[in-house]
Amino acid sequence: SEQYDPQTLQAKWQRRWEELDLFRAEDSPEDPRPRKYMLDMFPYPSGDLHMGHGEVFAIGDMLARYWFQLGYNVLHPIGWDSFGLPAENAAIRRNAHPAEWTYANIETQAESFRRYAPSFDWSRRLHTSDPEYYRWNQWLFNRFYERGLAYRKGGLVNWCPNDQTVLANEQVVQGKCERCGADVVRRELTQWYFKITDYADRLLDDMAMLEGGWPERLLTMQRNWIGRSTGADVLFEIEGRDEPVTVYTTRPDTLFGATFFVVAPDAPLAERICAPDHREAFEAYRSEVAKLSDIERLSTEKEKTGVFLGVHAINPVNGERLPVWAADYVLSDYGHGAIMAVPAHDQRDLDFALKFGLPVRVVVHTGMADPGETGTATAGDGSMVNSGPIDGLSKEEAIAKIIEILAGEGKGRAAVNFRLRDWLLSRQRFWGTPIPIIHCPDCGEVPVPDEQLPVVLPDMRGEALAPKGVSPLATATEWVNVDCPKCGGAAQRDTDTMDTFVDSSWYFLRYCSPGYEGGPFDVEQVRKWGPIDQYVGGVEHAVLHLLYARFFIKVLYDMGMIDFYEPFVRMLNQGQVVNMGKAMSKSLGNGVDLGEQIDNFGVDAVRLTMLFAGPPEDDIDWADVSPGASQKFLARALRVMTEAGAGTPPGASPEGGDLALRKVTHRTIDEVTKLLDSYRFNVAVARMMELTSAARKAIDSGPGASDPAVREAAETLAVMLSLATPYTAEEGWERLGRPVGIGRAGWPKADPALLVQESVTCVVQVAGKVRDRLDVVPDISEADLEALALASDKVKAHLSGAAPRRVIVRAPKLVNIVP
Ligand code: ANZ
Ligand code: ZN
């Protein structure tokens with residue numbers, strides 16, 4: 001019968017699978033199976049699972065289940081990234097505790113996951129907001145602190161006026177808060193940082209290990225974010241002052257072309273060197289600049305602004321006096337916050353020079369027109385002019401020579417510079433990990449001793465959590481006031497919490513030994529399971545989570561706690577699920593609800609649709625796909641399995657069965673295996689569909705359902721479908737008379753004897769005469785056949801070197817060449 005009722009199948013198998021517990025990873029060292037670690041980015045519990053989750057977990061599960069079928073000991077865990085602002089905002093609105101909202105949503109998502117049926121090892125479940133988890137954030141913080149990798153400093157930070165908290169650079173997207181979209185402003189605050197810049201070189205260099213395993217686009221994003229450049233630090237005297245000022249330049253070769261000098265208006269240096277009679281104008285300018293984001297300041301479209309500071313810098317190579325300006329296009333926290341301006345060869349400097357009437361001097365002869373005339377700076381290579389001792393040299397030679405000259409006089413040196421800044425760690429919000437530091441008037445910063453961890457959040461709710469610019473924890477006086485662990489005197493807890501990206505920087509290690517009490521993870525277990533063979537998640541984490549986790553791994557490596565350099569061997573960024581060509585959003589009213597899709601079409605049809613829509617990296621437009629068609633296909637597949645099950649008993653030997661169908665089955669096994677190995681899931685699904693049709697044809701107009709080749713096809717189909725559509729597959733497996741547990745049934749093997757394709761003879765004619773015969777496969781393409789024919793020596797001989805006028809191809813039997 002055509003009957004296919006996904007909801008009944010779901011209810012039936014969900015219960016039985018729970019008892020079966022098929023996907024538990026085996027820790028025992030006796031287990032001889034090779035291991036694989038499969039990880040999907042863990043969800044944030046904001047409401048129920050959405051379409052994006054549906055996509056990630058369908059893809060991740062396809063691979064994990066494939067590995068299970070291949071016989072690996074697979075670790076495929078799940079947990080929740082459950083600290084964060086939305087919970088806190090909900091708690092303020094509802095006068096509740098953030099934990100109530102958080103854990104209720106976790107339960108909702110857990111239920112939806114049970115229904116969606118990824119092959120998780122549920123026994124390893126974790127929530128980062130559990131004290132048993134965040135205790136280890138604090139323990140790790142203490143280790144970072146001991147190593148000088150966690151420190152506090154004052155300075156300008158990014159501040160979200162809406163969320164009333166600081167943000168890491170990585171959380172500011174085009175000048176806006178990554179979370180709420182508010183314009184980010186700069187504020188002077190003392191904050192905690194992780195010293196990720198100490199690892200900038202290794203973060204960059206180790207990317208060589210990720211080539212091929214990570215999408216190139218992702219590697220490029222991280223490379224640009226780390227932004228290593230090489231050049232020189234050059235020392236300039238400021239007239240009337242004692243200490244010289246250092247500038248960083250990537251083009252020390254252009255030193256003779258410097259015609260003015262610029263400092264960042266917000267750098268302490270500007271304040272220090274500004275002449276008294278220019279101070280008023282400078283301060284007015286500085287307060288204007290304070291309102292701008294870095295993006296705005298660096299924009300090449302923006303009209304250049306600046307003020308003269310009334311002082312001069314001295315060019316170390318020729319003693320020229322360069323007027324010193326303050327201008328917003330120079331940033332205070334990059335390089336040294338000051339530059340030598342070379343307008344002829346740097347566009348920003350040229351724009352500035354033309355606006356303020358400053359001189360332009362060409363020092364690299366490139367053959368291009370004078371930048372002072374054209375308004376276009378010439379950045380390319382050429383030979384040096386107007387540059388004394390380096391005249392005539394190429395760019396590379398000039399850079400080397402000028403560094404040598406400067407170094408000899410103690411006025412400069414070769415230098416490397418990074419775009420990467422330290423990771424701003426502290427947040428002025430409640431729902432996060434308390435920073436385990438106690439401030440003592442006598443002892444200063446004192447880490448909370450390990451044996452006193454965790455520092456548990458105090459019980460606070462509702463209004464008490466409302467943002468006020470200082471952490472809500474500051475108002476929990478009983479919690480704040482403690483004895484100093486060192487001297488016993490009255491002291492106070494640090495009241496900031498950690499960025500929640502700390503939680504996700506190492507959660508995948510915790511999965512290897514959940515509940516471990518001796519540390520964040522059992523070193524032995526991580527040695528066994530790590531690193532992660534395949535990670536699946538969104539590209540939006542490119543310079544956030546994926547960079548932070550790499551940093552953590554390197555620190556843990558240095559601590560001797562792990563034995564690998566990189567956490568994620570392979571990375572897959574799934575596409576987005578969009579609707580009508582656009583990202584789903586409330587304002588567009590084009591949202592698609594995962595739960596609703598599942599109610600309408602069933603879990604299997606939704607999962608199959610996600611996988612069949614296209615390559616996993618591509619976006620899926622839900623308006624272009626048809627879960628209804630997927631459902632119809634699954635009904636057809638189930639019918640084939642049902643009829644095959646009724647036709648022959650399980651274990652019936654396929655030997656002697658219909659040869660044509662057997663060949664299709666074994667070719668499908670061969671191809672699908674290769675397709676899965678290269679992550680071409682959509683094509684693999686298409687092959688499964690073709691196998692279904694072939695089996696259907698064999699039943700209806702071939703040898704019929706009692707032929708054992710039909711059973712072979714149907715069992716192959718069931719196992720393959722179990723990766724994408726576990727309910728339909730399990731039901732079919734049962735109807736084929738097999739014991740429950742298709743998820744571990746084992747991957748079929750292709751019989752090489754059945755993969756051999758017969759060949760046909762193709763006749764090749766030149767000018768109507770048969771000149772050669774070729775053995776080719778029956779499904780050869782016209783293009784391949786034409787190429788083969790033209791490559792034939794006999795044909796070439798008859799063409800005597802000339803290109804044919806026309807080639808008529810009738811694949812696979814005939815090629816006719818007109819010379
Ligand atoms: C002189 C020069 C001449 C420069 C020239 C470039 C071309 P990357 O490659 O991104 O590291 N620079 C240095 N510090 C800066 C700051 N705090 N704010 C804005 N710009 C700054 O860029 C290095 C170049 O950016 C440096 O080399 C400097 O300009 C500028 F033909 O120095 B250059
Ligand atoms: Zn003390």
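From Val815, Val756, grab the single residue that is out of contact with any strand residue (DSSP E or B) (no Cβ under 7 Å at 6 or more places or on another chain), among the β-branched types (Val, Ile, Thr) and not in a helix (DSSP H, G or I). Before the answer, list the steps.
On the way: Val815 fails: out of contact with any strand residue (DSSP E or B) (no Cβ under 7 Å at 6 or more places or on another chain).
None of the others qualify; the one that does is Val756.
Pairs only if they're at least six apart or on different chains, beta carbon under 7 angstrom, first in region 331-349 and basic (Lys, Arg), second near ligand 1 (Cβ under 7 Å from one of its atoms); list them, first residue then second.
Matching pairs, first to second residue: Arg348/Tyr329.
Among the residues in region 461-474, are any without any contact (Cβ under 8 Å) to a residue 60 or more places away in the chain, more than 16 Å from ligand 1 (Cβ to nearest atom) and basic (Lys, Arg)?
Taking region 461-474 first, the residues without any contact (Cβ under 8 Å) to a residue 60 or more places away in the chain are 464, 470-474.
Filter once more, keeping what is more than 16 Å from ligand 1 (Cβ to nearest atom): 464, 470-474.
Subsequent filtering for residues that are basic (Lys, Arg) retains none.
Looking for residues that are without any contact (Cβ under 8 Å) to a residue 60 or more places away in the chain, more than 16 Å from ligand 1 (Cβ to nearest atom) and basic (Lys, Arg), one finds none in region 461-474, hence no.
On the basis of being away from ligand 2 (no atom under 16 Å from the Cβ), within 29 Å of Ala407 (Cβ to Cβ) and touching a residue at least 40 places away in the same chain (Cβ under 8 Å), does Phe282 make the cut? Talk me through it step by step, then tell me what you get.
Working: away from ligand 2 (no atom under 16 Å from the Cβ): yes; within 29 Å of Ala407 (Cβ to Cβ): no; touching a residue at least 40 places away in the same chain (Cβ under 8 Å): yes.
Considered against the rule, which asks whether it is away from ligand 2 (no atom under 16 Å from the Cβ), within 29 Å of Ala407 (Cβ to Cβ) and touching a residue at least 40 places away in the same chain (Cβ under 8 Å), Phe282 comes out as no.
In region 49-94, what residues are more than 18 Å from Tyr507 (Cβ to Cβ), among the aliphatic types (A, V, I, L, M) and part of a helix (DSSP H, G or I)?
The answer is Met51, Ala58, Ile59, Met62, Leu63, Leu70, Leu85, Ala90, Ala91, Ile92.
Condition first: surrounded by fewer than 14 Cβ atoms within 10 Å (Cβ to Cβ) and basic (Lys, Arg). Now tell me which residues in region 3-43 satisfy that.
Answer for region 3-43, where residues must be surrounded by fewer than 14 Cβ atoms within 10 Å (Cβ to Cβ) and basic (Lys, Arg): Arg15, Arg16, Arg33.
Determine whether Thr668 is under 40 Å from the mean Cα position of the chain (by Cα), of a type in the set (Ser, Thr, Tyr) and closer than 27 Å to Gly213 by Cα. Break it down stepwise before answering.
Values: under 40 Å from the mean Cα position of the chain (by Cα): yes; of a type in the set (Ser, Thr, Tyr): yes; closer than 27 Å to Gly213 by Cα: yes.
In short, yes.
When Ala400 is evaluated against the numbered criteria (1) outside any loop (DSSP other than H, G, I, E, B); (2) within 16 Å of ligand 1 (Cβ to nearest atom); (3) under 30 Å from Gln222 (Cβ atoms), which criterion, by number, is the only one it fails?
(2)
If a residue must be of a type in the set (A, V, I, L, M, F, W, C) and within 8 Å of ligand 2 (Cβ to nearest atom), how many such residues does region 483-498 contain?
Here the count works out to 3.
Of the residues Val710, Val756, only one is in contact (Cβ under 8 Å) with a residue 24 or more places away in the chain, farther than 22 Å from Gln7 by Cα and among the β-branched types (Val, Ile, Thr); which?
On the way: Val756 fails: in contact (Cβ under 8 Å) with a residue 24 or more places away in the chain.
On inspection, the qualifying residue turns out to be Val710.
Could you look through region 247-277, keep only residues that are among the hydroxyl-bearing types (Ser, Thr, Tyr) and outside any loop (DSSP other than H, G, I, E, B), and pick out the one that is nearest to ligand 2 (Cβ to nearest atom)?
Looking only at region 247-277, we keep the residues that are among the hydroxyl-bearing types (Ser, Thr, Tyr), and these are 248-250, 254, 259.
When the remaining residues are screened for being outside any loop (DSSP other than H, G, I, E, B), the result is 248-249, 254.
Values: Tyr248: 41, Thr249: 46, Thr254: 54 Å.
Filtering first and then ranking leaves Tyr248.
Please specify each residue of region 297-328 satisfying the condition of being buried (at least 16 other Cβ atoms within 10 Å of the Cβ) and more than 23 Å from Pro244 (Cβ to Cβ).
Result: Arg297, Lys304, Thr305, Asp328.
Here are some residues: Phe430, Phe418. Which one is buried (at least 23 other Cβ atoms within 10 Å of the Cβ) and not acidic (Asp, Glu)?
Working: Phe418 fails: buried (at least 23 other Cβ atoms within 10 Å of the Cβ).
Within the list Phe430, Phe418, the selection yields Phe430.
Report the residue count in region 383-421 for those that are under 28 Å from Met368 (Cβ atoms) and either within 16 Å of ligand 2 (Cβ to nearest atom) or of a type in the set (Val, Ile, Thr) (or both).
Of the residues in that region, 6 qualify.
Specify the residue that is surrounded by the fewest Cβ atoms within 10 Å (Cβ to Cβ); the eligible residues are those in region 596-651 that are within 18 Å of Asn579 (Cβ to Cβ) and hydroxyl-bearing (Ser, Thr, Tyr).
Going through the qualifying residues, I end up with Ser626.
Scan region 350-385 for residues that are charged (D, E, K, R), closer than 18 Å to Met340 by Cα and surrounded by fewer than 16 Cβ atoms within 10 Å (Cβ to Cβ) and jot them down.
So the first thing to find is which residues in region 350-385 are charged (D, E, K, R), and the list is 351, 355, 361, 370, 373, 381.
Checking the rest, the ones that are also closer than 18 Å to Met340 by Cα come to 351, 355, 361.
Hit for region 350-385 is Lys355, nothing else.
Taking region 95-107 on its own, how many of its residues are hydrophobic (A, V, I, L, M, F, W, C) and not in a helix (DSSP H, G or I)? Lay out the reasoning, then the answer.
Step one: of region 95-107, the residues hydrophobic (A, V, I, L, M, F, W, C) are 96, 99, 101, 104, 106.
Then keep just the ones that are not in a helix (DSSP H, G or I); that gives 96.
Count: 1.
Among the residues of region 742-777, write down those that are among the small types (Gly, Ala, Ser), modelled with pLDDT under 95 and farther than 23 Å from Ala789 by Cβ.
To start, the set of residues in region 742-777 that are among the small types (Gly, Ala, Ser) comprises 743, 745-746, 750, 753, 759, 767-768.
After this cut, where a residue has to be modelled with pLDDT under 95 as well, the list is 753, 759, 767-768.
Within region 742-777, Ala753 is the sole residue that qualifies.
Go through the residues of region 30-43 one by one and say whether even a single one is in a loop (DSSP other than H, G, I, E, B), closer than 30 Å to Arg427 by Cα and touching a Pro at 6+ places or on another chain (Cβ under 9 Å).
We begin by selecting, within region 30-43, every residue in a loop (DSSP other than H, G, I, E, B); these are 30-34, 41-43.
Filter once more, keeping what is closer than 30 Å to Arg427 by Cα: 41-43.
Filter once more, so that each one left must be touching a Pro at 6+ places or on another chain (Cβ under 9 Å): 42.
Yes: one or more hits.
Restricting to region 189-222, and then to whatever is hydroxyl-bearing (Ser, Thr, Tyr) and under 22 Å from the mean Cα position of the chain (by Cα), can you tell me which residue is nearest to Tyr334 (Cα to Cα)?
Of all residues in region 189-222, those hydroxyl-bearing (Ser, Thr, Tyr) come to 190, 193, 197, 199, 220.
Next cut, under 22 Å from the mean Cα position of the chain (by Cα) only: 197, 199, 220.
Numbers: Thr197: 13, Tyr199: 17, Thr220: 21 Å.
Among them, the one singled out is Thr197.
Would you call Pro654 part of a loop (DSSP other than H, G, I, E, B) and surrounded by 17 or more Cβ atoms within 10 Å (Cβ to Cβ)? So that I can check it myself, show each step before the final result.
On the way: part of a loop (DSSP other than H, G, I, E, B): yes; surrounded by 17 or more Cβ atoms within 10 Å (Cβ to Cβ): yes.
So Pro654 fits the description; yes.
What tally of residues in region 121-131 results from selecting those that are surrounded by fewer than 22 Cβ atoms within 10 Å (Cβ to Cβ) and outside any strand (DSSP E or B)? Give the derivation first.
Kept after step one, since they are surrounded by fewer than 22 Cβ atoms within 10 Å (Cβ to Cβ), are these residues of region 121-131: 121-127, 130-131.
After this cut, where a residue has to be outside any strand (DSSP E or B) as well, the list is 121-125, 130-131.
Residues in region 121-131 being surrounded by fewer than 22 Cβ atoms within 10 Å (Cβ to Cβ) and outside any strand (DSSP E or B): 7 in total.
Tell me, which strands (runs of 3 or more DSSP E) wholly within region 283-382 include 3 or more residues that are within 12 Å of ligand 1 (Cβ to nearest atom) and in contact with a Ser or Thr (Cβ under 8 Å, 6 or more places away or on another chain)? Quick ask: steps written out before the conclusion?
Numbers: elements: 307-314, 321-326, 338-341.
Strands (runs of 3 or more DSSP E) meeting the threshold: 338-341.
Scan region 251-258 and give yes if some residue there is within 16 Å of ligand 1 (Cβ to nearest atom) and touching a Pro at 6+ places or on another chain (Cβ under 7 Å), otherwise no.
No; the residues of region 251-258 include none that is within 16 Å of ligand 1 (Cβ to nearest atom) and touching a Pro at 6+ places or on another chain (Cβ under 7 Å).
Please enumerate the residues belonging to region 435-459 that are more than 16 Å from ligand 2 (Cβ to nearest atom), surrounded by fewer than 19 Cβ atoms within 10 Å (Cβ to Cβ) and assigned to a loop (DSSP other than H, G, I, E, B). So that I can check it myself, show each step before the final result.
From region 435-459, those more than 16 Å from ligand 2 (Cβ to nearest atom) are 435, 450-451, 453-459; that's our starting set.
The next check asks that each one be surrounded by fewer than 19 Cβ atoms within 10 Å (Cβ to Cβ); those that pass are 450-451, 456, 458-459.
Hits for region 435-459 are Val456, Pro458, Asp459.
If you check Asp593 against the conditions, is it touching a residue at least 24 places away in the same chain (Cβ under 8 Å), more than 21 Å from Ala705 (Cα to Cα), of a type outside the set (A, V, I, L, M) and buried (at least 23 other Cβ atoms within 10 Å of the Cβ)?
On the way: touching a residue at least 24 places away in the same chain (Cβ under 8 Å): yes; more than 21 Å from Ala705 (Cα to Cα): yes; of a type outside the set (A, V, I, L, M): yes; buried (at least 23 other Cβ atoms within 10 Å of the Cβ): no.
In short, no.
Identify all residues within region 767-776 that are surrounded by 13 or more Cβ atoms within 10 Å (Cβ to Cβ) and β-branched (Val, Ile, Thr); write none if there are none.
Answer for region 767-776, where residues must be surrounded by 13 or more Cβ atoms within 10 Å (Cβ to Cβ) and β-branched (Val, Ile, Thr): just Val776.
Does any residue of region 404-419 turn out to be of a type in the set (Asp, Glu), closer than 30 Å to Ile339 by Cα and within 16 Å of ligand 1 (Cβ to nearest atom)? Full working, then the answer.
Residues of region 404-419 of a type in the set (Asp, Glu): 404, 409.
Next, from what is left, pick out any that are closer than 30 Å to Ile339 by Cα: 404, 409.
Within this subset, residues satisfying the condition of being within 16 Å of ligand 1 (Cβ to nearest atom) are none.
The answer is no; no qualifying residue exists.
Considering each residue of region 613-632, count those that are in contact with a Ser or Thr (Cβ under 7 Å, 6 or more places away or on another chain) and part of a helix (DSSP H, G or I), and give that number.
Residues flagged as in contact with a Ser or Thr (Cβ under 7 Å, 6 or more places away or on another chain) and part of a helix (DSSP H, G or I) within region 613-632 amount to 2.
Can you go through Arg186, Arg135 and tell me which one is over 30 Å from Gly595 (Cβ atoms) and either modelled with pLDDT of 95 or more or within 23 Å of the chain's Cα centre (by Cα) (or both)?
Working: Arg186 fails: either modelled with pLDDT of 95 or more or within 23 Å of the chain's Cα centre (by Cα) (or both).
Answer to the check: Arg135.
Which number in (1) hydroxyl-bearing (Ser, Thr, Tyr); (2) in a helix (DSSP H, G or I); (3) surrounded by fewer than 20 Cβ atoms within 10 Å (Cβ to Cβ) marks the one condition that Ser46 misses?
With (1) hydroxyl-bearing (Ser, Thr, Tyr); (2) in a helix (DSSP H, G or I); (3) surrounded by fewer than 20 Cβ atoms within 10 Å (Cβ to Cβ) applied to Ser46, the lone miss is (2).
The values are calculated or read from the model by the stated rules, or taken from the named source; none is laboratory data. Note that this is a predicted model, so its numbers are computed, not measured. Because the Cβ atoms are built from the backbone with ideal geometry, glycine has one as well, and the counts that use them run over all protein chains shown.
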